[in-house]
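Everything on this sheet refers to the single structure shown next.
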Amino acid sequence: MSLPEATRAAFSLLFSGDAALWGIVWVSLKTSVLGLLLAAPPAVLLGYAIASYRFGGRRIAIWLVQASLSLPTVLIGLLLYLLLSRHGPWGSLHWLFSQPGVVLGQAVIATPVLVAFTLAAVQALDPRYADTARALGASRWRTMLTVLHEVRFGVMAAVISGFGRVISEVGCALMVGGNIAGQTRTITTAIALETSKGEFAQGIALGIVLVVLALAMNGALMLLQGDTRSAGAGR
């Protein structure tokens with residue numbers, strides 16, 4: 001099948017409401033969002049804590065966070081496979097080749113992105129924000145909320161980048177999920193499978209979905225940032 005023919009077939013799949021295609025999209029969205037929801041609270045708190053407090057080994061912690069961004073997802077998949085396999089320490093969970101296993105993998109992959117972006121956002125903020133909050137009697141919890149509110153766009157960028165990282169990765173989802181149709185087959189694993197079979201129409205269609213998701217997420221962030229800046233200028 002030529003590229004024009006495959007592209008026409010891809011758009012036909014998209015607009016015909018193909019159940020198999022949109023089932024794959026649903027599994028990807030479900031596991032990616034659940035993974036983000038699982039990872040975001042502790043990751044944002046950890047990024048804030050590393051940026052805000054001085055402690056022994058802080059530079060090492062920052063170095064490890066930055067280094068973890070470069071970890072191949074297939075390596076994360078291998079480690080989780082060993083942990084979740086029948087003879088692994090978490091084998092009793094029976095999460096290997098299941099959606100909970102994929103969600104766990106997505107959470108692990110998203111965590112370094114969320115921590116690193118939050119860390120960078122808090123470090124870039126004028127420290128007088130936190131100092132003023134403490135001087136006015138704010139508790140540590142209230143001070144943290146104040147700081148995170150000021151860097152909310154940085155945190156939102158972290159979430160969007162984390163979403164892009166997990167929904168577009170293939171190594172971990174393939175190793176931990178097993179690419180089971182209707183259960184753990186995600187957009188990227190389906191693209192890899194269909195391409196290996198020489199069936200390009202579904203792969204192109206799923207690739208279009210990924211591009212649309214990326215444009216929509218980043219467009220929403222840009223619009224929100226623009227609206228907020230306009231409101232601030234109006235005041």
Filtering segment 83-99 down to residues that are exposed (fewer than 14 other Cβ atoms within 10 Å of the Cβ) and either aromatic (Phe, Trp, Tyr) or not in a loop (DSSP other than H, G, I, E, B) (or both) yields SER92
Tell me which residues, restricted to segment 12-45, are under 20 Å from the mean Cα position of the chain (by Cα) and either β-branched (Val, Ile, Thr) or not in a helix (DSSP H, G or I) (or both).
-> ILE24, VAL25, VAL27, THR31, VAL33, VAL44
Can you name the condition, by its number, that ALA120 falls short on among (1) assigned to a helix (DSSP H, G or I); (2) open to solvent by less than 20 Å² (accessible area, probe 1.4 Å)?
-> (2)
Residue that is buried (at least 16 other Cβ atoms within 10 Å of the Cβ) and either without any contact (Cβ under 8 Å) to a residue 24 or more places away in the chain or within 24 Å of LEU148 (Cα to Cα) (or both), where the choices are THR73, THR111, THR7 | THR111
Checked pairs for segment 132-153, first at pLDDT 90 or above, second surrounded by 15 or more Cβ atoms within 10 Å (Cβ to Cβ) and not in a helix (DSSP H, G or I), C-beta under 7 Å and 6 or more apart or across chains, list as THR146/ALA138; VAL147/LEU125; GLU150/LEU125; VAL151/LEU125
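Sort through VAL102, VAL44 and tell me the only one that's within 26 Å of TRP26 (Cβ to Cβ) and open to solvent by less than 60 Å² (accessible area, probe 1.4 Å). Even if it seems obvious, please write down each step before you answer.
Working: VAL44 fails: within 26 Å of TRP26 (Cβ to Cβ).
Going through VAL102, VAL44 in turn, the sole match is VAL102.
In this structure, is ALA51 closer than 15 Å to GLN123 by Cβ, without any contact (Cβ under 8 Å) to a residue 12 or more places away in the chain and open to solvent by less than 30 Å² (accessible area, probe 1.4 Å)? Working first, answer last.
Details: closer than 15 Å to GLN123 by Cβ: yes; without any contact (Cβ under 8 Å) to a residue 12 or more places away in the chain: no; open to solvent by less than 30 Å² (accessible area, probe 1.4 Å): yes.
Spelling it out, it is not the case that ALA51 is closer than 15 Å to GLN123 by Cβ, without any contact (Cβ under 8 Å) to a residue 12 or more places away in the chain and open to solvent by less than 30 Å² (accessible area, probe 1.4 Å).
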When only residues in segment 155-198 that are of a type in the set (Gly, Ala, Ser) and open to solvent by less than 20 Å² (accessible area, probe 1.4 Å) count, which is farthest from the chain's Cα centre (by Cα)?
-> ALA190
Matching residues, segment 2-39, being touching a helix residue (DSSP H, G or I) at 6+ places or on another chain (Cβ under 6 Å) and among the hydrophobic types (A, V, I, L, M, F, W, C) = ALA6, ALA9, ALA10, LEU13, LEU14, LEU21, ILE24, VAL25, LEU34, LEU36, LEU38, ALA39
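The values are calculated or read from the model by the stated rules, or taken from the named source; none is laboratory data. Here the structure is a predicted model, which is why all the values come from computation and not from measurement. Positions of Cβ are generated from backbone atoms using ideal geometry, with glycine treated the same way; all protein chains shown enter the neighbour counts. What goes into the accessible areas is simple: the full protein's heavy atoms, side chains included, and nothing from ligands, DNA or RNA. Shrake-Rupley method; radii C 1.70, N 1.55, O 1.52, S 1.80 Å.
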